């Protein structure tokens, strides 16, 4: 073949633009899934991902244009694509270790905004370079395809269209096909492979850069072997399940006493089953006060709705202690419901709807004695389930003496913290609001109702509790319930900064938990810290 024959009709350049656009979006979505198990998938993390990627693409555009003007040789573009392909293929191999390493350094180095800084640095180190290289594609292709000003607008427009169409496809395929089917690691490898093939076809057609091509293939094969299926929680052993869904990273841990679901590598327990059927020792036990506040124990039949069913922990406890409840749950992630059936002894007779909690309330007319709100997106409350409008919707679906109980998992004594915002917002909607802190955790349960005599009713109803441990806990809660007057911290659909508020509290919690180790590091240095560990 003659020199540049593969580019003669510009078709290969358009294909390059198409697949480069596809790869950029696939890497962006893969980035969110790589970071989510460690830093959450909140709007803040998405902002960091989008911001760093835009920085990379902008710098790539500048460099690509200047490079093409200085030396308009397509060889350089396709070498950059090979490098980008190998870098992206290496992300499943080393990305998790880089994230953990950065997190460890940041824990020791910073006192504020730990998650934001760590996520930003992880993005910069892992994703900026390959996306910088892909950012050089469009200006380079413009240089190679525009031969005269007569049709330059048409050519540039076609390139932009191919890039946009590729980006659209690159948005949908990872989200709905590859990540749920084969996971984040394989998704990176698939799109790295596409870029690799583009470069190889170009150089094979020219008969040049044979060594570069062979080395690229060998490196890709090594990345495919070592990056295939590596665990996000690579330090954990004998996990019962680890995988991904459209919405979450999912991890199931089972021991002789319990089965636990976690949707975040670094932060806690999202659902739990105690195998002997006893109380969990967690916030679910405190939420058991809600049925007694609503007087369900004195009713022939009572209805409970759980928004954020998870694996059915709260439903299971309610059924353990009440035989007159009709329980319905809403869980947005079907994969969690599947895991509940397989690993968590999901209670029979409880129906689950796969839907968003707020959308479910908008779609049904039923009213309930108890509505439990326990919906979290990773480690933050979804903004649409934290506003005046949402809590008004909940109130409309409660019976006259019904009770809403909401779990808040980020306790803080700082003025204007997220729990204060949520409590004030709830108090602006409901006539009567009480809260109680869960002993030994950062959780707080808030109970809201239109029944102004709810506390007296609750104290009367718990006298009928037969189980000794449950009775003791219910009386403890009665003594510790705090009446919430409400205040001026109000969240609305238009202004609900729950993610920034939540991140702020989490930073404080992390610093509190790790203060002991930071003190050792400051006194004895790294050697002292390693000796302690």
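The values are calculated or read from the model by the stated rules, or taken from the named source; none is laboratory data. Not measured: the values here are computed from a predicted model. With ideal geometry, Cβ positions are generated from the backbone for all residues, glycine too; neighbour counts draw on all protein chains shown.
Across region 64-88, what is the total count of residues that are buried (at least 20 other Cβ atoms within 10 Å of the Cβ) and either more than 14 Å from residue 134 (Cβ to Cβ) or outside the structural domain of residue 26 (by TED's automatic domain parsing) (or both)? Steps first, please.
As a first pass, look at region 64-88 and keep what is buried (at least 20 other Cβ atoms within 10 Å of the Cβ): 64, 68, 74, 77-78, 80-82, 84-88.
This time we only want the ones that are either more than 14 Å from residue 134 (Cβ to Cβ) or outside the structural domain of residue 26 (by TED's automatic domain parsing) (or both), so: 68, 74.
Residues that pass the stated criteria total 2.
Please give the number of the condition residue 420 fails out of (1) within 21 Å of residue 357 (Cβ to Cβ); (2) under 25 Å from the mean Cα position of the chain (by Cα); (3) part of a helix (DSSP H, G or I).
(1)
Test each condition in (1) touching a helix residue (DSSP H, G or I) at 6+ places or on another chain (Cβ under 9 Å); (2) surrounded by fewer than 19 Cβ atoms within 10 Å (Cβ to Cβ); (3) part of a loop (DSSP other than H, G, I, E, B); (4) touching a residue at least 40 places away in the same chain (Cβ under 8 Å) for residue 335 and report the one that comes out false.
(3)
Those residues that are within 26 Å of the chain's Cα centre (by Cα), modelled with pLDDT of 90 or more and farther than 16 Å from residue 429 by Cβ, I need them from region 360-412; list them, please.
Across region 360-412, the qualifying residues are 360, 362, 363, 372, 374, 407.
Check off (1) without any contact (Cβ under 8 Å) to a residue 12 or more places away in the chain; (2) surrounded by fewer than 16 Cβ atoms within 10 Å (Cβ to Cβ) for residue 146 and give me the number that stays unchecked.
Result: residue 146 fails condition (2) only.
From the list 61, 112, exactly one residue is in the same structural domain as residue 146 (by TED's automatic domain parsing), part of a loop (DSSP other than H, G, I, E, B) and touching a helix residue (DSSP H, G or I) at 6+ places or on another chain (Cβ under 8 Å). Which is it?
112
On the given criteria, is residue 425 surrounded by 17 or more Cβ atoms within 10 Å (Cβ to Cβ) and within 22 Å of residue 392 (Cα to Cα)?
yes
Considering only residues of region 11-57 that are part of a helix (DSSP H, G or I) and in contact with a strand residue (DSSP E or B) (Cβ under 8 Å, 6 or more places away or on another chain), which is farthest from residue 106 (Cα to Cα)?
In this case the residue turns out to be 33.
Looking at the structure I just gave you, is residue 371 touching a residue at least 60 places away in the same chain (Cβ under 8 Å), assigned by TED's automatic domain parsing to the domain that holds residue 329 and either in contact with a strand residue (DSSP E or B) (Cβ under 7 Å, 6 or more places away or on another chain) or farther than 24 Å from residue 490 by Cα (or both)?
yes
Taking the stated definitions as given, is residue 400 under 23 Å from residue 493 (Cα atoms) and surrounded by fewer than 22 Cβ atoms within 10 Å (Cβ to Cβ)?
In short, no.
Search region 321-332 for residues being outside any loop (DSSP other than H, G, I, E, B) and in contact with a strand residue (DSSP E or B) (Cβ under 6 Å, 6 or more places away or on another chain), and hand back the single one that is farthest from residue 244 (Cα to Cα).
Top of the filtered list is 325.
How many of the residues in region 103-130 are over 13 Å from residue 49 (Cβ atoms), under 19 Å from the mean Cα position of the chain (by Cα) and free of Cβ contacts under 8 Å to residues at least 60 places away in the same chain?
1
Does any residue of region 124-139 turn out to be modelled with pLDDT of 90 or more, outside any helix (DSSP H, G or I), assigned by TED's automatic domain parsing to the domain that holds residue 188 and surrounded by 17 or more Cβ atoms within 10 Å (Cβ to Cβ)?
For region 124-139, residues modelled with pLDDT of 90 or more, outside any helix (DSSP H, G or I), assigned by TED's automatic domain parsing to the domain that holds residue 188 and surrounded by 17 or more Cβ atoms within 10 Å (Cβ to Cβ): present.
Could you tell me which numbered condition residue 179 fails, if it satisfies all but one of (1) at pLDDT below 85; (2) in contact with a strand residue (DSSP E or B) (Cβ under 8 Å, 6 or more places away or on another chain)?
Residue 179 satisfies all of (1) at pLDDT below 85; (2) in contact with a strand residue (DSSP E or B) (Cβ under 8 Å, 6 or more places away or on another chain) except (1).
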